[in-house]
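The values are calculated or read from the model by the stated rules, or taken from the named source; none is laboratory data. All values derive from a computational prediction rather than experimental measurement. We place every Cβ from the backbone using ideal geometry, glycine too, and count neighbours over all the protein chains shown. Ligands, DNA and RNA are excluded from the accessible area calculation, which covers all protein heavy atoms including side chains. Shrake-Rupley method; radii C 1.70, N 1.55, O 1.52, S 1.80 Å.
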Amino acid sequence: MDLESTNEIDRVAGFISARAFRRVALQFPDKLLKDSTRIVAALHEKLRSFKQLHAGSNGDAKDVKLYVMADTMYGNCCVDEVGASHANADCVIHYGHTCFSPTSTLPAFLVLGKASLNVPLCAQTLCEYTIKAGKPILVLYGLEYTHAITEIKASVGAQVCSELEVHYADIMSPIITPPETFNSMNEQPEQSDGQCANGCSIEENDAAYCVGGLTWSLPVGRRIEDYLIFYVGSDDPAFANILMTYNACEIVRYDATEDNLVNDFSQQKRILKRRYFLIEKAKDASIIGILVGTLGVAGYLHMIHQMKDLITRAGKKAYTFVMGRPNPAKLANFPECDIFVYVSCAQTALLDSKEFLAPVITPFEAMIAFGRGSEWTGAYVTEFRDLITSSPMEAKNQSEARFSFIQGGYVEDVEQQEVEEVEDGVSALVNITEKALRVRDKDSQTLMPGTAKSGAEYFATRSYHGLDIHPENNFSEPFLIGKSGRASGYKNETAQQS
């Protein structure tokens, strides 16, 4: 990945020295931990030379304390602000692949590294496909191949006729500064107007796009669907994010590891169909679990509260879970949840939940399932920050009959009991308990019709509650002596044989 090159070390040390940080957290993914000791030693040496240069005296590199972080709580692509806060760090230096999600409290510097790429072959393939396509080309790429894009651009420009239109995406600035105006969970982050994150200016009438750390603009009158997307990189979550977001575009991928062109994405198209199936399944759900998939991306608290408000307005019950990276074993501990909504960054939001007890959907899919007048047109949004609204979204009317593709007929959702204001929390607890106890009849064995609408109702309708205790019978039962001996022949069996 070329993370410990002199240029990368100089950039990181310059960032730390310019902002006078004293406690710095270095975040490494598991595959790059072997390089952490050499990088820390090189950074210490460079910071010492910077201090001697600016202060004119013998500096002590220990003035800047470096902390190595590993085993992040959530995805490796996000800046781990929780882990950095344990070391009381002033900033985070993130190494490896990243999703460029903005941080909430700490500034960060992203070190992408460099992956090997056969530039001449890639440029030749792009030239041939540009001439063959007969339509404008938009070149996107994995962030680890940023270093080669300038050379590819020059080579393609020399071979392709100037009449053919080829656009290249720019990379955003590696410096992430938390938004100062986003201090409350009820506020939404301000969007920059007319300027990219890397400082490049965008014309007022041009359409600006941004995904996964890449940004570009299209001329007036042009749509993204008019372009063929040529992606340079591997089949990873970053490419899956582009494939889902721009599913209406023609996309080809140049595999940098195999040096060949891939244009068969039938498997990804089937994934898109499955996401629509999960939306229909979410409409029939009664108890929804909200999974917190990040504690650092700006706006995550606002989206969690927005999801809770949307689910409640739709007449359903919502529970919030913070459990780190979700897996089938963790979510199986909450069988009462019919479906889960995963609030995370764009590159980890598409969780494959085939092995899970209950499906896991994204906030975008939840807004279609529970929002009034929301229908899926084929467009897909993986970035939850693009869904943040200042006003509450109107939920679907649960009293209206709708057609359920899962049940194969028209259904009328049973409305949740309206929430009434109570004087204290004890009254609310009594109402919930009474409602849960009314689920069973007098025999305590037959289940009442209908599905549970809350966790209390679900546990009250379970067929097994542990050992049966009969408080009306105060007399002790006589104990019975079981079998004795070995399994191959108990004593009573040997006695019968003899």
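A few remarks follow.
- Around Ala84: net Lys/Arg minus Asp/Glu count, Cβ-Cβ under 13 Å: -1
- From the Kirkwood radius over Cα pairs of segment 231-310, Stokes-Einstein at 4 °C and 1.567 mPa s returns a whole-number translational diffusion coefficient of 83 µm²/s.
- Most to least packed among 220-233, 364-377 [average Cβ atoms within 10 Å]: 364-377, 220-233
- Check: segment 272-395 dipole with +1 on Lys, Arg Cβ and -1 on Asp, Glu Cβ, in debye: 120 debye
- Working ranking of peptides 18-24, 71-77, 294-300 by packing, defined as the average number of other Cβ atoms within 10 Å per residue, highest first, is 294-300, 71-77, 18-24.
- Subset of Lys283/Lys453; Lys283/Lys308; Lys317/Lys354 violating a 20 Å alpha-carbon distance limit: Lys317/Lys354
- Carbon plus sulfur fraction of accessible area for segment 272-395, probe 1.4 Å, in percent: 51 percent
- Put a dot 7 Å past the Cα of Ser488, heading toward its Cβ, do the same for Ala18, and the two dots end up 8.0 nm apart.
- Contour minus Cα-Cα distance for Ser476 and His167 (0.36 nm per residue): 102.8 nm
- Computed with every protein chain present, the accessible area of Lys34 is close to 140 Å² [probe 1.4 Å].
- Sorting the segments 323-332, 477-486 by their residues' average number of neighbouring beta-carbon atoms within 10 angstrom, most packed first, yields 323-332, 477-486.
- Placing a label point 7 Å from the Cα of Lys273 along the Cα-to-Cβ line, no residue of segment 352-373 has its backbone N under 16 Å from it.
- Global form of segment 272-395, assessed from the alpha-carbon gyration tensor, a/c cut-off 1.5: rounded
- With a simple spin-label model that places each label point 7 Å from the Cα along the Cα-to-Cβ direction, the separation between Ile131 and Arg372 comes to 5.8 nm.
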